[in-house]
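Since the structure comes first, as structure tokens, the remarks are kept for the end.
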Amino acid sequence: MPDSGQSHYGSGTASMKAGNPQIVAGGAKARLAASDRKHEPERKKPHLRPVWIVLILLIPCLALTWYYSQMAVPGGEEKGSLLPTTSYAVVLLLVNLDLIGLVVLTLLLSRNLIKAYFERRHQLVGSGFRTKLIAAFIGFSLIPTVLLAIVASGFLNKAVDVWFSEQIENVMKDSSEVASLQHAGHIALAVNSARAIGRELFREDLLAQEQRDLLIAAMARKRMEYGVAGIEVFSNKMETLTRALDATVPSSVLDLPVSQLVLQVINGKQELTSVQEAQSGRLVRAAIPVFSGAKTDELAGVVVVETYVSESLLTKMEGITRQYTEYKQIKEMKNPIKAGAYLVIAIVTVMILFSATWFGFYVARGITVPIQRLAEATEAVAQGDLTVHIDAQATDEIGTLIDSFNRMTQDLQGSKSKLEETNLTLQQTNAELDRRRAYIETVVATIAAGLLSIDRSGVISTFNPSGERILGLPVDWLRGRPANEVFKEFGLDLFQTAYDRMQADGRDDLALEGQLEVQGKLITIGLNGSRMKDEANKDLGFVLVFEDLTELIKAQKVAAWQEVARRVAHEIKNPLTPIQLSAQRLRKKFFEKSPDLDRVFDEATNVIINEVGSLKQMLDEFTKFARLPAPQMTRQHLHDVMRDVAALYRAAQKDIDLILDLDQDLPPLNFDREQLKRVFVNLFDNAIQAMNQKGRLWVTTKYDTKRKRAVVTVADEGSGIAPEDQERLFVPYFTRKKTGTGLGLAIVRRIITDHDGQIQAGNNHPKGAVFTFDLPV
């Protein structure tokens with residue numbers, strides 16, 4: 001209960017009993033300890049005024065109760081006593097106890113309310129919420145409790161009035177009178193029956209000795225006629241002349257002594273009645289003297305008539321009489337009973353209100369005290385003290401809140417340490433990033449290739465000095481402007497094409513090569529575009545790296561033509577030697593007039609004709625390579641071309657197992673159908689020759705959705721590619737075959753390059769060679 005302990009408040013801080021949440025921290029702990037020491041004397045000061053008030057009221061009530069319990073005498077009124085019975089004293093004792101309880105509860109309730117009022121007045125932490133909570137509990141309980149008390153009082157008043165109403169009293173009185181009449185009826189029956197029998201005995205003189213048999217029969221008949229329990233006739237000498245008894249009546253009742261009654265009648269010569277009690281019932285006897293017929297003043301005998309009241313009837317009669325007597329006694333206490341009942345209702349009402357108030361105090365204390373501690377701890381945290389901690393033993397939501405606060409302060413303390421460490425690391429990282437950024441800016445500014453970056457909104461953000469030099473455009477003309485606007489304004493069609501294709505196709509990279517007019521001069525630009533993404537794979541824009549390939553291409557062309565000239569010279573020189581030798585042999589035989597001149601002439605001319613044919617074939621292949629037409633692009637399915645070429649080889653090469661594995665998700669491509677056929681024919685021919693016209697040939701396609709490229713693979717199980725030949729495989733006139741010009745793979749690479757594709761060669765596993773090329777979708 002809230003009153004079991006004392007709460008003292010001062011300077012806005014509540015001192016708590018053991019078990020309540022306590023803050024354990026640097027500054028906060030010191031402040032709370034000082035506050036507790038300040039209020040320690042108040043805590044020890046007893047509040048005895050309510051106890052004295054209760055004792056002053058309790059002692060007179062107990063003394064008055066003892067007085068009434070000593071003076072009251074059961075069954076009658078005692079002289080000097082105000083109340084007639086001890087039952088009234090018991091009621092008075094209960095009333096006194098009720099009054100004591102009412103006073104105690106009222107004092108406790110008043111004390112709680114007064115304490116809440118002063119806490120509210122001093123605006124202590126949590127007092128407002130506590131007051132509202134108490135008011136809510138009292139309000140929620142007051143209305144139904146008062147209504148219940150009013151209704152209960154009305155019902156109680158009506159019930160008491162009904163209990164002690166005139167109708168109930170009349171019923172009880174009539175029941176008691178009926179019980180009395182029942183007893184009187186048995187006596188009257190016995191007396192009247194005895195008189196009637198006595199008159200008949202006197203009239204018929206049945207007591208004479210000679211009438212004895214007639215007497216016995218007459219008495220038996222009279223017993224049955226009058227319905228009595230028994231008839232006994234005695235002589236004047238107390239001799240039993242006859243007995244007529246009811247067999248259903250217990251013998252223990254009928255055998256009760258009767259001689260005393262008979263003797264009194266004989267001596268007094270008058271009617272007498274007696275009531276005798278037995279365990280099994282009550283016996284009522286009426287004795288009548290019977291006088292002699294000859295001498296009227298001479299007593300001849302005595303007639304005793306007996307009636308029986310059964311035990312059950314007797315019990316009911318006694319119960320009715322007792323209940324009526326108790327009812328009259330209780331009726332005298334009608335007003336005290338009402339007062340006691342009203343007091344009980346009042347005490348129940350006060351107990352409900354007290355319980356509501358106490359519960360409100362209990363709940364409020366369980367909430368406001370931890371909240372106050374939390375407020376103080378929060379203030380300490382706000383001042384920078386992260387070591388604050390609240391000790392709590394609560395297991396409800398408040399305890400969860402306190403645990404969460406403690407975990408929060410621990411986390412904050414740990415986070416602060418981590419933050420300091422992270423801050424130091426971040427400073428170091430920022431310094432490193434600054435160094436890296438300066439290094440990257442230096443690299444970007446000093447690299448020979450041009451660099452242009454476009455952010456996600458399509459605005460040019462970076463343009464390095466090399467780009468200015470290559471394109472002849474100042475950085476201020478490009479940076480911060482929309483890329484499409486810049487490309488259109490300065491005629492950078494190659495950049496526009498690369499930017500549009502990467503946006504439209506969603507490509508991550510793209511490589512293009514083309515010519516641009518810069519300051520009236522046509523230059524060749526090699527451009528590589530890449531999509532920029534962050535760690536979350538979020539698009540950041542594009543970066544275009546480009547370089548001037550004019551001089552490089554010129555040098556490559558010179559070197560290529562030098563290599564071609566060397567190889568052509570070598571290839572031409574090879575057939576010239578047999579031609580020269582054949583001519584020299586023929587000339588020698590001619591001058592010698594050799595008899596086999598005709599045979600030598602035929603052989604020499606055949607050699608010369610064959611070697612000239614080889615020269616012509618070589619020159620035709622070189623002409624085709626040098627004059628390869630521009631591809632005629634149309635959008636069509638690559639798989640159709642591959643199936644057509646495969647069908648030709650399957651028909652012509654019975655020992656070749658050509659296996660197609662085609663990706664059905666591959667969309668149509670832009671390509672020259674005839675040139676792509678030539679690519680597959682050259683690759684298939686090389687593979688078949690490498691396998692000596694027998695083996696398996698695998699042709700597969702795959703759609704690279706990320707790069708938007710069609711990847712084609714041609715693999716065989718031939719002799720493979722020697723490591724030293726890897727770099728020269730696509731060089732014109734390079735071949736390891738005994739027959740061939742060495743231009744087949746060079747033509748394949750030229751066609752793939754003209755289609756914006758790339759081709760690579762490598763070794764297949766476990767054996768053979770594999771050629772892979774990709775084309776844009």
### Summary
Quick note, segment 384-470: a/c under 1.5 would make it rounded; otherwise a/b > b/c is prolate and the rest oblate (a ≥ b ≥ c, C-alpha gyration tensor); here it is prolate
## Note on the structure
Of all DSSP beta bridges having both residues in segment 592-699, the percent classed as antiparallel (nearest 5) is 40 percent
### Task
Enumerate the calculated ³J(HN,Hα) couplings along segment 261-268 in order (Karplus 6.51 cos²θ - 1.76 cosθ + 1.60, θ = phi - 60°), each rounded to whole Hz, writing x wherever the residue is Gly or Pro.
5, 5, 5, 5, 5, 5, 6, x
### Förster radius 60 Å - calculated FRET efficiency between Arg673 and Tyr362 (Cβ-Cβ, nearest 0.05)
0.05
## Note on the structure
Spelling it out for Val290: with amide H atoms placed in the peptide plane at 1.01 Å from N, the residues 5 or more places away or on another chain with amide H under 5 Å from its amide H are Ala300, Gly301, Val302, Val303
### Query
Considering only DSSP states other than H, G, I, E and B, which trypsin sites (Lys or Arg not before Pro) in segment 278-333 qualify as loop sites with at most 15 other Cβ atoms within 10 Å?
Lys295
#### Entry: Proximal charge balance of Gly198 [Cβ under 13 Å; K/R count +1, D/E count -1]
0
### Summary
In order over segment 749-764: 3J(HN,Hα) from phi, Karplus 6.51/-1.76/1.60, θ = phi - 60°, whole Hz, x for each Gly or Pro, gives 5, 4, 5, 5, 5, 5, 8, 6, x, 9, 10, 9, 10, x, 8, 8
### Task
Compare Asp663, Asp255 by solvent-accessible area with a 1.4 Å probe and give them largest first, with all protein chains kept in place.
Asp255, Asp663
### Query
Can you give me the relative contact order of segment 229-356 as a percent, contacts being Cα pairs under 8 Å and 6 or more apart?
22 percent
## Note on the structure
Where a ≥ b ≥ c are root eigenvalues of the Cα gyration tensor, a/c under 1.5 meaning rounded, otherwise prolate if a/b exceeds b/c and oblate otherwise, segment 392-540 counts as prolate
#### Entry: Val518 long-range amide H proximity, modeled H, under 5 Å
Ile523
### Message
Quick check: from the Cα gyration tensor, does segment 638-759 come out rounded (a/c under 1.5), prolate or oblate?
### Response
oblate
### Estimated distance in nm for a label pair at Leu214 and Ile143, the labels positioned 7 Å out from Cα along Cα-to-Cβ
9.7 nm
### Task
Give me the accessible area of Ser457, 1.4 Å probe, in Å² rounded to the nearest 10.
90 Å²
#### Entry: In order through segment 227-236: 3J(HN,Hα) via Karplus (6.51 cos²θ - 1.76 cosθ + 1.60), integer Hz, x for Gly, Pro
x, 9, 6, x, 10, 10, 10, 10, 7, 5
### Task
Determine which residues of segment 521-558 fall in the zone a paramagnetic label at Asn484 would reach in this model, i.e. backbone nitrogen under 18 Å from the point 7 Å along Cα→Cβ.
541-543
### Query
Counting only protein chains, not ligands or nucleic acids, how are Val344, Val253 ordered by accessible area (probe 1.4 Å), most first?
Val344, Val253
### Query
What is the gain in length, in nm to one decimal, between Leu263 and Tyr342 on full extension, counting 0.36 nm per residue of separation less the C-alpha to C-alpha distance?
22.2 nm
#### Entry: Cα→Cβ-extended label distance, 7 Å offset, between Ile553 and Thr248, nm
14.7 nm
### Task
Just flag the trypsin sites (Lys or Arg not before Pro) in segment 491-550 sitting in loop per DSSP whose Cβ has no more than 15 other Cβ atoms within 10 Å.
Lys538
### Task
Any chance you could tell me what percent of the C-alpha pair distances in segment 599-705 go past 20 Å?
58 percent
### Task
For Leu697, enumerate residues with amide H under 5 Å from its amide H, sequence gap 5+ or separate chain, H modeled in the peptide plane.
Asp657, Leu658, Ile659
#### Entry: Accessible surface ranking that places the most exposed of Ile523, Ile143 first, with a 1.4 angstrom probe
Ile143, Ile523
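The values are calculated or read from the model by the stated rules, or taken from the named source; none is laboratory data. Predicted, not measured: the structure shown is a model, and the values here were computed from it. Quick reminder, even Gly has a Cβ in these numbers, built from the backbone with ideal geometry, and neighbours come from all protein chains shown. When the accessible area is computed, the model is the full protein with side chains, heavy atoms only, and any ligands, DNA or RNA have been set aside. Shrake-Rupley method; radii C 1.70, N 1.55, O 1.52, S 1.80 Å.
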